[in-house]
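Reviewing the structure listed below.
Here, each number is a calculation from the coordinates, and none is a lab measurement. Quantities reported herein were computed from a predicted structural model and do not represent experimental measurements. When we count neighbours, we look across all protein chains shown, and the Cβ atoms used for this are built from the backbone with ideal geometry, even at glycine.
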Amino acid sequence: MTELSHIRNFSIVAHIDHGKSTLADRLIQETETVASRDMKAQLLDSMDIERERGITIKANTVRIEYKAQNGEHYTLNLIDTPGHVDFAYEVSRSMRAVEGSLLVVDSTQGVEAQTLANVYQAIDADHEIVPVLNKIDLPASECEKVAEQIEDVIGIDASEAIQVSAKTGVGIVETLEAIVHKLPAPQGDVDAPLKAMLVDSWYDAYLGVIVLVRIIDGRMKKGDRVKFMSNGTVHGIDKIGVFRPQMQDVDVLGPGEIGFITASIKQVRDTRVGDTITSEKKGAETALDGFKPSQPVVFCGLFPVDSAQFEDLRDAIEKLALNDASFSYEMETSAALGFGFRCGFLGLLHLEVIRDRIEREYNIELITTAPSVVYHIYMKDGSMQELHNPADMPDLTHVDHLEEPRIKATILVPDEYLGDVLKLCQDRRGIQLDLTYAGSRAMTVYDLPLNEVVFDFYDRLKSVTKGYASFDYQVTGYATDNLVKMSVLVNDEPVDALSMMVHRDRAEQRGRAMCEKLKDLIPRHMFKIPIQAAIGGKVIARETLSALRKDVTAKCYGGDATRKRKLLDKQKAGKKKMRQFGKVDIPQEAFISALKMDS
Amino acid sequence: MPLPNLSQAALPDLADPSTLGLYVHWPFCQAKCPYCDFNSHVMANVDQKRWALALSHEIKRVGALTQDRTLTSIFFGGGTPSLMDPETVEAVLVAAHETWRWANSIEITLEANPTSIEANRFRGYRTAGVNRVSMGFQAMNDDDLKRLGRLHSAQEAMAALEVARSTFNRVSFDLIYARQDQTLPAWRDELTRALETGVDHLSLYQLTIEDGTAFGDRLAKGGLKGLPDEDRAADMWDLTQELTEARGMPGYEISNHARPDAESRHNLLYWQGGDYAGVGPGAHGRLTRDGMRVATECVKQPGLWLAAAEQAESATTQLTALSAKEVFEERLMMGLRLRDGVDLGSSALENTSLCNNIKLLVDFGLVALTGTQLRATDQGRPVLNSVLRQLLAD
Ligand SMILES: Nc1nc2c(ncn2[C@@H]2O[C@H](COP(=O)(O)OP(=O)(O)O)[C@@H](O)[C@H]2O)c(=O)[nH]1
Ligand SMILES: C[S@@+](CC[C@H](N)C(=O)[O-])C[C@H]1O[C@@H](n2cnc3c(N)ncnc32)[C@H](O)[C@@H]1O
Ligand code: SF4
Ligand SMILES: [Mg+2]
């Protein structure tokens, strides 16, 4: 147990690629927490997908022992938070487990949207913030300008910002000294009843569920029986320790300390991020405030391409859900796609990560249907129901009105692209809340319907700004609007997996775009195929895919008979990647591509 | 649902089983054309005596498997068989003559590239026994010939055609259409000129971009612009049918047009499911033996083939017995290429999924069934691959 006055807990806030992981590595290396022969780049990013995408999904943590220049020994706990908006709730919980933040800004790039979103979370959590200007080794580094920008845009003092190169090691000692001297020590009462915050939890194949905790009051040791206050479950602690960054057992964890416990917990589902852990007997009366379970905001259907793999998919989804409490699922049947699952995610990135893992780790090819947000349907009888799947939209005669989730989106963009960005937001039913300038960059804040963003907004934003815009959002609440269900009919058969909720004023436009897209995506058949979009019984857009006119092998000699037979087999295999709707084969990628808008 | 036991006997024999065709592959060319995925190679010095001997050995070997047959056709294909010395052609024909009884009306075709070098040999080929040539014109204007990587000019081709027609009774030539930037009027003009030559047989192929060719690579890299889209290719197909029919040369097969009785008998053998032996690198054959249909395939690489063929214990040829299902699929795939279609036999029509598929296609107007004779209609033939997929679907 370390003296409170000699503990510093902190996180690092940064936009993606500004150097958070590299800086963490340097801090670890400088303090020789890890022998240099064990150093591998980006110690804290462990999952393959994280490494590949260069993002952090789960919070990671490391305890660093540091002998400061004043000769005292300090224990520094770094929590590396997920950087992406999808995991904003995890971020906010991790932030509450520490007292300060390093605000890392790439001095060649300046402040970006994710910097802002995360730094506001840090400010919300009452953090002391130490600005760090990174990548000063690069010729394009402009420390003064960026420091000014931090003061202008974020409104914190950056006059003592530390100039660092996480690459060369310049400024690392200064950073460690600032952590010790500028960040406050945690507070807590070792004699009070145990109160620990559940910061994160995950499944380890060897040890079962591992729980990351921050002790607020009291102490925790091996063998203690502890209670999880949100659901009242009681567990005995089997193992207790800290991360350096590999696990190291300790006898006891006291106030201000961050570490892990294992307690024969079977499922990650049984542990809730933000929950309070206390002793079974004579425990704390009140839980830490601010606990709320994370809510999925985006839903989509996942179906196996090969319907024989349904059971494999169930297995994969159950296993993944055990390790990810924010991922929800329920069985879904689609007339066209057969058996699958309707799954809920924290956002699009979360969706992609889970889908990638199913495809890669479990070798199941998937059809992903259009992502949808959660609508609130208010019935005439006054009741409210959630709509996760447009296909389940109830009969309109019973519906009073609909509400959809809205977000507050922050976008930073170089001046010259501002016009395109404003047009994009306007087209997506956005309401401008703010527009300010910081140097040659503009920052705009929009109130937008989540359903307009969930699908391809980010792709569009990147393309209209040639990749120069940064974007972040948070869900703000629900608002009513004139929303309708648009269905799509291919060869006069409704295709449930393509139906979607749209704003009435935008329905014709969306319908037309969708029919045009489908006309390109569906291969020609031996007969002509009408493609229609409809609201209720009323057709609002129509295209006709003409019949196939040319599909024959020109030259075919005797020797080609074998080859032609093989070709035919290959084509038959290709057909497996399509789904049949009545007489029409629709390629699996059409379900997503059809929804992408060009503007 | 798998096809029920379509035993060999259930399929009517379209071709007389006592007859046989012979395909001889000559794998060398002067230059490799950018669209071509045939087994053809550029070689400076070919030891023609060695090749003549090796081909003759192979003919004797395959002869042992096909005794008591009457040879009705021989086809020298390539590559560029018109690079064979007349003596080489003669040696091969002598071997074939020693091996099989020849039909009086035997058709002996040789594929020729229409350059002046080849034209000079035509007399020698005729003396050796060749009685039909098929010439690779490909295009009838110099710009397009260049883009197709051809070594001859349009004028040379016309001169070679004259020599060929004064030497052989039966002459055909090949054109490749639906080329880059080719317009409908340009094709109308070119095809009209081709028909005006008065030949009684034409092969008119739409350009196919094959993987592994120079064109294939260019297309994959986003090059090879100006190829027709499906609609323009279909318009060109329609125009081709219209013009050839008007001239009395309707398509008797997807890409082959002839006056009545001028059809290539050797190629008909392929499409009608007859027996043929294949000799030379990469050559395929189909032989019926003891009620089984056997696919034969020779070693593809010319060097390996030659070495193997020269050994007494030949390992040039792989024999594979085809399953009843495979035989049936081939019959359909090949037979439906013919305007007259294919006789399915009555037991095939007891298969319900086949019948349902046929019914669907009849409804679409893509095939017609008369008794047990199934044929693709004028609408069905340009989309034959889709028709076949549907017919053979479970
Ligand atoms: N030149 C230079 N590159 C750096 C520096 N710090 C990080 N990088 C590089 O910037 C990229 C992003 O760094 P990373 O630590 O993964 O950023 P994160 O996304 O914030 O975790 C990587 O290619 C790093 O090697 C630095 O100080 N100087
Ligand atoms: C065996 S090939 C070549 C015969 C001879 N060597 C020549 O080039 O004239 C027979 C015919 O197939 C056709 N052909 C070859 N490759 C083709 C392709 N990629 N697309 C369409 N037709 C092709 C040409 O018309 C060619 O004349
Ligand atoms: S098209 Fe003829 S000449 Fe050209 S490479 Fe092919 S076989 Fe040889
Ligand atoms: Mg990182």
TODO: Pop the C-beta distance of A:Lys221 and A:Ala185 into the FRET formula with R0 = 30 Å and round what comes out to the nearest 0.05.
DONE: 0.85
Open item on the list: Give me the net charge for the shell around B:Ala154: Cβ to Cβ below 12 angstrom, other residues only, Lys and Arg +1, Asp and Glu -1.
Closed with: -2
Task: Label-point separation, B:Lys60 to A:Asp289 (7 Å along Cα→Cβ), nm - done: 10.4 nm
- [ ] Determine ³J(HN,Hα), in whole Hz, for all residues of segment A:514-520 in sequence, where each value follows from phi through the Karplus function 6.51 cos²θ - 1.76 cosθ + 1.60 and θ = phi - 60°; x replaces Gly and Pro.
- [x] 5, 5, 4, 4, 4, 4, 7
Task: Rounded, prolate or oblate (a/c below 1.5 giving rounded, otherwise prolate when a/b exceeds b/c) for chain B by Cα gyration tensor - done: oblate
TODO: Choose one answer from B:Arg381, B:Arg50, B:Arg123: the residue with the largest mean-square fluctuation in a GNM of chain B with alpha-carbon springs under 10 Å.
DONE: B:Arg50
Open item on the list: Can you say what percent of the DSSP beta bridges in the protein assembly as shown, counting only those with both residues inside, are antiparallel? Round to 5.
Closed with: 70 percent
TODO: Express as a percent, rounded to the nearest 5, the fraction of DSSP beta bridges in chain B (both residues included) that run antiparallel.
DONE: 40 percent
TODO: Arrange the following residues from fewest to most other Cβ atoms within 10 Å of their Cβ: A:Val199, B:Val279.
DONE: A:Val199, B:Val279
Open item on the list: Taking the beta-carbon count within 10 Å as an exposure proxy, list B:Cys29, A:Cys300 from fewest neighbours to most.
Closed with: B:Cys29, A:Cys300
Open item on the list: Let's test the formula: R0 of 60 Å, r as the Cβ-Cβ distance of A:Glu151 and A:Ala308. What FRET efficiency results, to the nearest 0.05?
Closed with: 0.50
Task: Fewest-first ranking of B:Cys298, A:Cys143, using other Cβ atoms within 10 Å as the exposure measure - done: A:Cys143, B:Cys298
- [ ] Enumerate the calculated ³J(HN,Hα) couplings along segment A:492-507 in order (Karplus 6.51 cos²θ - 1.76 cosθ + 1.60, θ = phi - 60°), each rounded to whole Hz, writing x wherever the residue is Gly or Pro.
- [x] 6, 9, x, 10, 4, 5, 9, 6, 8, 8, 9, 6, 3, 5, 9, 4
Task: Cross-link pairs A:Lys20/A:Lys266; B:Lys225/B:Lys300; A:Lys408/A:Lys462; A:Lys222/A:Lys266 - those with Cα-Cα distance over 21 Å - done: A:Lys20/A:Lys266; B:Lys225/B:Lys300
Task: chain A - mean residue ellipticity at 222 nm from DSSP helices (-39,500 (n - 2.57) per run, n ≥ 4, rounded to 500) - done: -7000 deg cm²/dmol
Open item on the list: Using the alpha carbons of segment A:217-258, what is the convex hull volume per residue in cubic angstrom, as a whole number?
Closed with: 88 Å³
- [ ] Any chance you could check the Cα centroid distance between segment A:222-245 and segment B:309-368 for me, in angstrom?
- [x] 70 Å
Task: Share of Cα-Cα pairs in chain A lying beyond 35 Å, as whole percent - done: 47 percent
Open item on the list: Around A:Pro184, under 9 Å between beta carbons, what's the net of Lys plus Arg minus Asp minus Glu among the other residues?
Closed with: 0
TODO: Please give the calculated 222 nm ellipticity per residue for chain B, where each DSSP H segment of at least 4 residues contributes -39500 (n - 2.57) and the sum is spread over every residue; nearest 500 deg cm²/dmol?
DONE: -11500 deg cm²/dmol
Open item on the list: Per-residue Cβ counts within 10 Å, from other chains only, averaged over A:521-527: what number is that?
Closed with: 4
Task: Label-point gap, in nm, between A:Leu207 and A:Thr333 - each point 7 angstrom along Cα→Cβ - done: 4.4 nm
Task: B:Ala44-B:Leu349 pseudo-label distance in nm [points 7 Å out on the Cα-to-Cβ vector] - done: 6.3 nm
Task: 10 Å beta-carbon shell around B:Arg286, net charge (K/R +1, D/E -1) - done: -1
- [ ] Work out the mean other chain Cβ neighbour count within 10 Å for the residues of B:379-387 and drop it here as an integer.
- [x] 5
Task: 12 Å reach of a label modelled at B:Gln379, 7 Å along Cα-to-Cβ, counting backbone N of segment A:494-531 - done: A:526-528
Task: Three-way shape call for segment A:447-542 based on the alpha-carbon gyration tensor, with the a/c threshold at 1.5 - done: oblate
Task: Cut-off under 5 Å, modelled amide H: who pairs with A:Arg244 long-range - done: A:Arg63
Task: Alpha-carbon centroid distance for the pair segment B:91-126 / segment B:16-44, whole angstrom - done: 14 Å
Open item on the list: With no other cysteine's Cβ closer than 4.7 Å, which Cys residues of chain B count as lacking a disulfide-compatible partner?
Closed with: B:Cys29, B:Cys298, B:Cys355
Task: Euclidean distance of C-alpha centroids, segment A:339-409 and segment A:129-190, integer Å - done: 41 Å
Task: Amide N proximity, segment A:364-382 versus A:Val399 label position 7 Å along Cα-to-Cβ, cut-off under 18 Å - done: A:370-382
